Structures are given as C-alpha cells and as structure tokens.
Amino acid sequence: MKRIEKKVRGRAYLCLAVWLLGLFLPVSAQAAVFRDISYSWAKGQIQHLAALNLVEGYRGYFEPDRFLTRAELAKILIEINGRGKEVQSLQNVWGVFRDLSPKHWANGYILLAQEQGWVKGYPDGTFRPDQPVTRLELAYILSRLQPSDQDVPWWNLSFRDLGKIPEEALGVVANGVSKGWLQGYPDGTFRPHNKLTRAEAASVVYRFLADTGGLYDLVGTVTAYYPGESVTLKAGNKEVTLRLAHEALLPGGALYSGWYGGLVLDQQGRVLLAGPLQGVSAEVAVQRNNSSSSALTRDNDQYRLFNGQQEPSQAAPDPAVSLNITRREMGVDELLNLTGGATGLGETIAIIDTGVDAAHPDLQANIQGWPKIVDWRDVTEDGLVNLKELPADQGNVILDGQTLGVNSAWSKSGLWRGGWWQENGIDLDFNGTGDDRWPVLVADSNKKGIYDTVWIDTNHNGDFRDETPLKVFASNRSVLKLGQGEKKRGVVLAELASDGSSLRLGFDGSGHGTHVAGIAAASGQVNGVAPGARLLVIKAVDSRGRSDTSKLAQAINLAARLGAKIVNLSIGIQSENGRSSINRLLKNLSDQYGIIFVVAAGNNGPGLSTITMPADTAGVISVGAYISPAMWLQDYGYKVNSDTLWFFSSRGPRKDGLALPTVVAPGSAVSTIPGGGYELSEGTSMAAPHVAGAIAVLRQGAKAKGLPATPELIRRALIRGAVPINGYSEVEQGAGKVNLVKSWLVLKQLQTPPPMLVSINGYDFESLAGLYGREFRPLVLDLKITNIDSQNWQMRFESNISGTIMSQNYLLLPSLTSRTLPLHFNLPAEPGLYTYHLQGYAGPNPEPAVDLLTTYISPEKWQTDGTIKRWQKEDNAQAGQSKRYFLRVEEGSSKLRIRLQVEGGQGRTRLHLFDPQGREVDPDLTAFAGVNPDGQNRLEVSKEVLNPQAGTWEVVAYTSATLANYQLTESRYSLQAELESGTATSKPEGELLVTVFRAEQGTMVAVRWPDGRPYNGMILIDSDLLQVTSGRVYLWPKQTLNPGY
C-alpha cells in the first residue's frame, strides 16, 4: 500500500452500490438485542445488520415474519444507500404514479427509488405503495441494482416450482441465484409469488454485503482483551486499542490473544461486533496523512501582453491578403452572404490595450463612413502631463525659461497653463531617439476658467501658433499626427482637467493595441473581421506593456459605463483559478450589462493549465491560437500540411478543472501598426480580436433577424459551431476553431437552459468548474446539483466517459433544491491525457444545463534501476505539432533530467518542460535537436531540475514548422528521462486506518481514525480520489485501486 492523503473534509453520501437492499432506519449506537429472534433461522444475519445500524426493531421486537410493503422497501433502499437526506426535497413533489401524492409518508422515498431505476410502477400507472413485496419483485430489484455483465443461463436453475417463474423473469432469478443473493426453500422450491418477510430481506442484504465486502469496518489480530472494557489489536503495522460497546457481540462471548477477524464499529469507534472473515480478503494500511491542499501564488501584479514567438518568416506578407485568409478560415465572407451583409454595423468593440493609433488610415471610418473610433480613454500615466501656470509676456508664454509664441485670443481669462510631454525612452515621433520632450500649452478658449484646448510644439520652433489644437477626443475627434515624413503616430487628447491641472495624451507607443484593433475592425487596405464595427479605445497598458489590477478594473468599468457590449482583452497575468477581483468583476458586469468579454488565453504554452487571468473567468470567451496551412504559407513561407495550434498558445484546463480555452482562432496576421503601416505578429493577442470581430458580425445578424444574442447564447453558439482540430484534446483547443457559418446556424435555434449550480460534496467551494485529475484519479464522487431556477426540472444525464457509471440517468430537481448524483469512474490505465464530459439536460431543451469536464492524466511508467528511475519513448510528429508526456515525481527526489534526441538529421524538434503547477522550467526556448539552418545537425537538447517538486511533470516535444525546408515530412525523436531518489521531507498530518475488503462482487474501502471513529471526506489512496461517508466507500465490480495498493 502506498501514500494515503486526506483531500478535503466535508459531508458526502454513500455511493449506489454501497448498500443494495438494506432494511429500515439506522438505530442505536450499541448492539441491538431483539426479543423475538432467538429461534429465527436468520438470527445471526439480523444481529450483524443491527450492529451495522441497518435494521431496527419495534419496541425490542424485530418481527421477522412480518411482510414488507413496497413503500417500506423504497425507504429501505434509500436509507441504506445513504440518500435519505434527499427525500425531503422530493416529498412534496407530484410524481408519475396516480395513486401516490405528496401526502403519502413515503412519497419522497418512492420517487427517489423510482428515479434511481430500482423500483417501477404497474402498467395502469399505479405504484401500490402498501402492497407487500414478493420474492420475484425482489429478484427484479436486485437485477436493476447490479446488472450482470452477461446473461446467466437460467436452465441451471433446479427449483421444483420453476414453472411458476414467468419466462421473462428466469434470467433475473438466475442472476440473483448465481451470485448467492437469492436462495430457495429447503423443499427445493423458490416460491416466486410469496410475500417477502423481514427475515428473508435481512438474509438477502447480509449475503449482498458479504459479497461486496461490506460486513466489517476493520480487521486485525487481537493482542490484548479486557472483558467489558476494550480490545487491543494489530491493524496493519499499527497497534490500536478500541473500547467495547455495551453488549458487544463477540464470537463465543469473548476474544482472545491471536484471534484474527473483522470488527463492526459504531460512530464513536466502539466495537459492536466481531466475526470471522468469509469469502473476502482484507488489507490494512496505517499511513501518515499529508494535506493535499495547494496554495495559489503569483509573482506580482503586473499584467502583460500576448505576442508570441516564432522562427523568422521566410515570406513577404501582403497586408491585403493576410487578414483575408484568416477571415476565410473563420467563414466570415460566407456568413456575410447568409446574413444579408452583416459586417458588424451598429456594434462597438472596446479595445482595452495599449491604445490605438487614431491616425492610421484603416482606422478612420467604418464601411459606411462613420468615424471608426467613438471614444479614446486612458487610465495609465503614460501620457500624463502635469500642468502649471505660465507667465505671459507680450503674446508669449514662458515655460521653464523658454519663450513660446501664442495667440492671446485663445484664452478667455488670459491665464495660461503648460508643462512638458516626454518620450521616456519610447520613440514616439519615429526620429530614432526616445528622449524627446515637447512643450504643452492649455487654454480656456470657450469659457473663462474652464480649460478645454491643448497645443503641442511638435516641431520645436518655440511657437504654438502653427500647431493643430486638440480638444478632448470624444467632443470633436481631433487627432495630432506626430512623426517624420509619411510615418506619423496619432495623438489624441484623452483627458483634460477643467482646472488645467493635468491632461492625458492618448497614443499607442507599443503598437500592440493598434494591431489588435485592425484585426477586429480595420476598414481600408486591410479589412478586419468586422469592418462595419466601431471601436471604443481604452488604454490600460503603457508603452512598455505594463498594467496592474487597479488600472485594468478601472478600464473594464469604464467600458461598461460607456455602453460597450463587446470587450476585447489581449492581456493577462498568472491565473488565480478564477478567484481574483478581476474574475468577479467580469462576471458581474457580464450579468448586469450583457457584456461579452473576449480574452486572450495567454502565451504560456504549450504546457497544460497555463491559461492566464482574466481568460480563466467562467463565462467569458477565452481564445487560444491556431494557424492553418494557408496562413503558414502566406505569412511565413512554410509548407505545413494541417491545422496546428501555435506552440505558445496557453492550454487548459484551469487548475480546478474548468474547461478552457473556449475556442481557438487564427493567432497570427498582418495588421495595422502606428505610423500608418502594417506588420505580421503572432500571439493569442491576435486570436482574441478575431473572435471579438466575429461576435460583432453575429450580433448584427441576430438583431436583423430578431434573435436574442445574450453573452451566454453567443458563447454557446461559438462552442457548438466550432470545429475540432485533429490531434488535439479539448483542454488544448477548447471546442475547436471558430466556424462562423456553423455558429450562425446554431444561434438561430439556440435555447438558453435553466441555471444550475454544480459542486462536489467535500470540496471547499460552492460551484464546481470541472475535475482535473493530474495528481489523482477520480474513483467515487457525489455530484451535487442545485436548481436555482423558479421551475421544477426533470434532468437527463449523459456521459461520454465509457468507464463512468452513474447511479441514475434522470434526476427530478425541484426549484431552489439540491440533489446528489453519485458517480463511479473507471478511467484508463494506459498513459496519456483523457478528457470526458458529463452533461445534464433540463426537460426537452437540447442545450446542456450542466456540462462538467473531467480531465485525467495517466502518467508514464518508470523502470526502476537501483536508486534511479528511467523512462524512454520513441515517437514522431508532423510539422508544427506538439506531443506531451507525463511523468510522476515522488516526494524527496533529488534530480530530474530530460533529454530529447534526433539522430541522423531525421527531424527538427525542441523540448519544453513544465512543473506540476504548469510553470515552464527555463522558459527561454531550447534549441532544436536535429537539422538546423546552419547545416549542422544537433543530436540532443536537454533540461535538468535539482530537487524537483513532487507531482506530475509534463514533457512537451514541439516539432518545427520548417520541416519541408529540409525535405522532411515528419520528425523522429526519442525522449529519455532519469529520476534520482533522495530523502522525502513531507510533514505528517495525522493518521488513518484504511482497510480494503475485496470480495467476489466488489470492493469496499473502510477508512477510520486510529481511535475507531469513521472518517468523512475526500481521501487520496495512492493517487485514487474517493469520497468517504461514515467511514466507507464502495467500488463497483469494474473499478480497481491503482496497482501497488
């Protein structure tokens, strides 16, 4: 047995296969003694079930010969399955049976049992709750609770009254008999229509528990026994002392040193019953229990832009062609025809970035001639100029000793103010230096004391009278052109304090924002995705690419106040798993104002869980980057045969399992830059505005057709219409590459599903984003679903996880009520990355109201060689493709070394290495192994980490897009890894007694504290995640614990 870790404490429910057919309500915490079972043939079984708290009597009597009603049976099924707390949520709901109403005491139990598929009604629509249960009905229930994998031959049945069993029920009876759960009478009959007694039901439950490992809570060898007080036993490698309950049932009335067997314990850890193990094997582990909670950290509060890195282009991209290709890749022109000419008219896209060059010819007007930029705001200090009062002298003003010419008529008050605008290392006027500064003058030209006009001495001639006056951009859209010859940068007045104390000049000193804006909505020599859309420019990032949370929040709030419905954010910072103030702000504004936020996923790839914030916000459209063969050839001159993700594109999922990115879009293009020119750039920053423009087109088309276009509907339409790229998983590419034609067709018929919240009992957060099994393999979990709608809904669940077993496919969810859906997983052991969906549909709505992504990583297998573990792999990849491999590093390892080799010039591949947190080791790109432009072949590249963090590491091999230049169609490479052991330094946090009972039809894991009390919550056994309730969790027949336990 290996490492056992406590995951998260919390309330949970027993899973379906735990208790098939228990009896009655849980009772006292001591061994029950019934007055009327002394001569019962089922005495021992009844006593054992009483010790397990599964049966109770009536005033000291068990009444073994009394018949059981169908209503009582439904209650038995629910209580023993641990689902009793859900009954109240269904008690007052009208069900499907016409003879059952909320007034019946068992209404909730019956509806829940029917929902599970355990009980059914009659053809006339009745349930007949007070009718006794027959033995044949019991056989059917057993077959529904645990169906057989294969047909059991009924002809092996030898009952004398076989003819009384209906032909269609023979296989059902044979199934129960073959498993030992059903038995006949001593006279050789089965008596299918006999009514079921309480003693018979107890006997069936006992046999089932024995066959699934559920009879005991602990096993051990007695080392000391103190009658009436306590017993000490060796459980695994630990000696524990447990108190004896009053009237504990012990074999022969006592225990003795050396006795080995099983114990039933109560909630206080006292021994209620001891007995021999029969037909079951048991293993006990006592292990230190290390906390598996992870802290979220970030390096600083500095946001950054997302320009990618790529081998040099070997083409001379044509500005007019590049964006035409990306538009074609997304189906923009086809959508234009389908929508009757939608180009984004009437839509405004907010570009929160480094600013936008307002002088660029392609950003002057939309296709109808309306001004392209509706407003230009700045929340940075980049263009901040502090002003002071200037002395005047005969038509001049004096600024720090310099005399500057003015027109006295410009100022109503005659009180001038001015200051200096400095480049601060950024060459704004394209003269080759970054240390220029210009005199700035402000005046109150319209109303005395209200400053409203600005002049800048751009030619340094000491005279403002030959300069173009600027007013706040929103008032008259005046633009100053600063530069040399034809290369001029647009400068606007973004803000001017009315008292003349300061102003902000708006400009794009980086070029990033202008490039982004051109992709989204340029109209001119290049046409963006939505040339009819207009732009709201908000500068939140300075010319050096810096911003912070407060500036970003200010910019986002400003966009909302100014009425933007589409906001593009091509910036980000290290993820906080969706829990930052910016994440909350985006969600709140989207809900309140109907804003669609489009956010670049980040350029931290190709490792998993590298999505940045705020792209990690649930409900936004996070965009990764891909590139097509046509884009490769046109913009870079490389011949690549298939669509590929850009290697730098950040991958999902979020560390809590949220499915990210949403979609991928073209991540490179030639677009507008300051100075009136064009430039090729790549990055998820370029992918996001492709989608922002696409949304503008979709919204215009939807409005024209009278269709709703809420943020959620647009997001779903993009997801449903996306086309997956072959060779990539969902956590790498989201739903796939944007296809606007398909999204438009989907949008025309989409229905918004009712709101649901999803969580897992035992986790410390209210809403579950997904499951990410990087450091664990989910085995048994309870999914909690809350209907926050005002209407009751019948939920239907589907899963594409072939190894997932749901206890039920339907769930009745009353309004404002929570229900539990138990899940059992049987995930692959073969190394690799696996993604699956569990989806829940409300009523007839075809859109899932619940969509839970499960991401599971099965690591590669090490080969042990003394103190060193080794792994190797030979593989191949086509141009531009990435392949990933996962290696689990144990606590206390001293060194991890990865080598990638390409022999004989058979390819060109480089190496990336990511730690368990998704951070790249030495993020500077390694050289390529294999062929190189200098004609020299490099055999090997490698990375080495001392004292590597324990957990699952990711190795990514990226193959160059330039293979065709070397007459290669693929790259063949080999990977070798070595892991050297060291000294483990984990800190213990308590102990748990974990007993695994393996029986013929299942496995039960019992988890107790050393004093015998039951454990509740999540645990990791080796790397398997299980949810434990009252000290127990059952695995279904096909489920197994990881090898080594």
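In what sequence do LYS447, LYS869 fall when counting other Cβ within 10 Å, fewest first?
Working: LYS447 11, LYS869 21.
Ranking LYS447, LYS869 by Cβ neighbours within 10 Å, fewest first, gives LYS447, LYS869.
When you have a sec, figure out the Kirkwood radius of the stretch 384-488 from all distinct Cα pair distances and drop it here in Å to one decimal?
Working: mean 1/r = 0.0697 Å⁻¹.
Averaging 1/r across every pair of different Cα atoms and inverting gives 14.3 Å.
Just want to confirm a number: the relative contact order over the stretch 863-980, from Cα pairs under 8 angstrom separated by 6+ residues, in percent.
Working: 296 pairs, mean separation 55.0, N = 118.
The value is 47 percent.
Compute the projected area of the convex hull of the Cα atoms of the stretch 167-209, averaged over all viewing directions, and report it in nm² to one decimal place.
Working: hull surface 13.3 nm².
Projected over every direction and averaged, the Cα hull of the stretch 167-209 covers 3.3 nm².
By how many degrees, 0 to 90 and rounded to 10, does the Cα axis of helix 135-145 deviate from the longest principal axis of the chain?
That works out to roughly 30 degrees.
Given an 8 Å cut-off on Cα distances and at least 6 residues of separation, report the relative contact order of the stretch 509-644 as a percent. Walk me through the numbers before you get to the answer.
Working: 176 pairs, mean separation 22.7, N = 136.
This gives 17 percent for the stretch 509-644.
Considering the zone a paramagnetic label at ARG897 would reach in this model (a point 7 Å from Cα along the Cα-to-Cβ line), which residues of the stretch 947-971 have amide N under 15 Å from it?
947-948
Largest first and to the nearest Å, give the Cα extent of the stretch 954-1040 along each principal axis.
Sorted from largest, the Cα extents of the stretch 954-1040 read 69, 37, 20 Å.
On a full-extension model of 0.36 nm per residue, what is the gain between SER790 and ARG59, subtracting their alpha-carbon distance, rounded to one decimal in nm? Walk me through the numbers on the way to the answer.
Details: separation 731, 0.36 × 731 = 263.16 nm, distance 4.41 nm.
Fully extending the segment from SER790 to ARG59 adds 258.8 nm.
Give the dimensionless ratio obtained when the Cα radius of gyration of the stretch 758-858 is divided by 2.2 N^0.38 Å.
On the way: Rg = 13.7 Å, N = 101, 2.2 N^0.38 = 12.7 Å.
The value comes to 1.08.
Relative to the Cα centre, what is the charge dipole magnitude of the stretch 832-875, using +1 at the beta carbon of each Lys and Arg, -1 at the beta carbon of each Asp and Glu, and rounding to the nearest 20 debye? Don't skip to the end; give the middle numbers.
Numbers: 4 positive and 6 negative charges, 52 e Å.
For this selection, approximately 260 debye.
Please state the shape class of the stretch 240-290: rounded when a/c is under 1.5, otherwise prolate if a/b exceeds b/c and oblate if not, all from the C-alpha gyration tensor. Numbers along the way, then the final one.
Working: a/c = 1.94, a/b = 1.26, b/c = 1.54.
Taking the square roots of the gyration eigenvalues as a ≥ b ≥ c, the stretch 240-290 is oblate.
If you fit an axis through the alpha-carbon atoms of helix 549-561 and take the longest principal axis of the Cα set of the chain, what angle between them do you get, 0 to 90°, nearest 10?
For helix 549-561, the angle is close to 80 degrees.
Counting other Cβ atoms within 10 Å, keep those with at most 16, restrict to DSSP loop, and tell me which trypsin sites (Lys or Arg not before Pro) in the stretch 684-753 are left. Intermediate results must be reported in sequence, preceding the final value.
Working: sites: ARG699, LYS703, LYS705, ARG715, ARG716, ARG720, LYS737, LYS742, LYS748; in loops: LYS748.
Sparse-neighbourhood loop trypsin sites (Lys or Arg not before Pro): LYS748.
Over the alpha-carbon set of the stretch 11-212, divide Rg by the Kirkwood Rh and report the Rg/Rh ratio to two decimals. List each step's numbers first, then the result.
Numbers: Rg = 16.8 Å, Rh = 17.5 Å.
For the stretch 11-212, the value is 0.96.
May I have the pair-distance distribution P(r) for the stretch 91-165, computed from all Cα-Cα distances with 5 Å bins from 0 and rounded to whole percent?
The distribution over the stretch 91-165 is 3, 13, 19, 21, 15, 11, 9, 6, 3, 0, given as percents.
Leaving out same-chain residues fewer than 8 places away, which lysines sit with a Cα under 26 Å from that of LYS448?
Partners found: LYS388, LYS412, LYS471.
So, R0 is 41 Å and r is the distance between the beta-carbons of TYR966 and LEU338; what FRET efficiency does that work out to, to 0.05?
Working: r = 43 Å, r/R0 = 1.04.
It comes out at approximately 0.45.
Which three lengths, in whole Å and largest first, does the chain cover when its Cα atoms are put on their principal axes?
That works out to 123, 68, 54 Å along the principal axes.
Within 10 Å of each residue's Cβ, count the other Cβ atoms and sort HIS104, HIS193, HIS460 from fewest upward.
Working: HIS104 18, HIS193 13, HIS460 10.
Lowest to highest Cβ neighbour count: HIS460, HIS193, HIS104.
Can you compute the label reach from ASN431? Point 7 Å from Cα along the Cβ direction, backbone N cut-off under 17 Å, restricted to the stretch 490-524.
What the label zone holds, given the 17 Å backbone N cut-off, is 490-491.
Taking R0 as 30 Å, what's the FRET efficiency between LYS487 and ASP318 from their Cβ-Cβ distance, rounded to 0.05? Working shown, then result.
Details: r = 20 Å, r/R0 = 0.66.
Plugging the Cβ-Cβ distance into 1/(1 + (r/R0)^6) gives 0.90.
Per residue and in Å³, how big is the convex hull formed by the alpha-carbon atoms of the stretch 508-565? Write out the running numbers ahead of the final one.
Working: hull volume 4.7 nm³, N = 58.
Given the Cα convex hull of the stretch 508-565, per-residue volume reads 80 Å³.
Helix 684-705 against the longest principal axis of the chain: what's the angle in degrees, Cα atoms only, rounded to the nearest 10?
Once rounded, the angle reads 80 degrees.
Bear in mind these aren't lab numbers, they're just calculated from the coordinates by the rules spelled out. Quantities reported herein were computed from a predicted structural model and do not represent experimental measurements. Note that each Cβ is placed from the backbone with ideal geometry, even for glycine, and that neighbours are counted across all protein chains shown.
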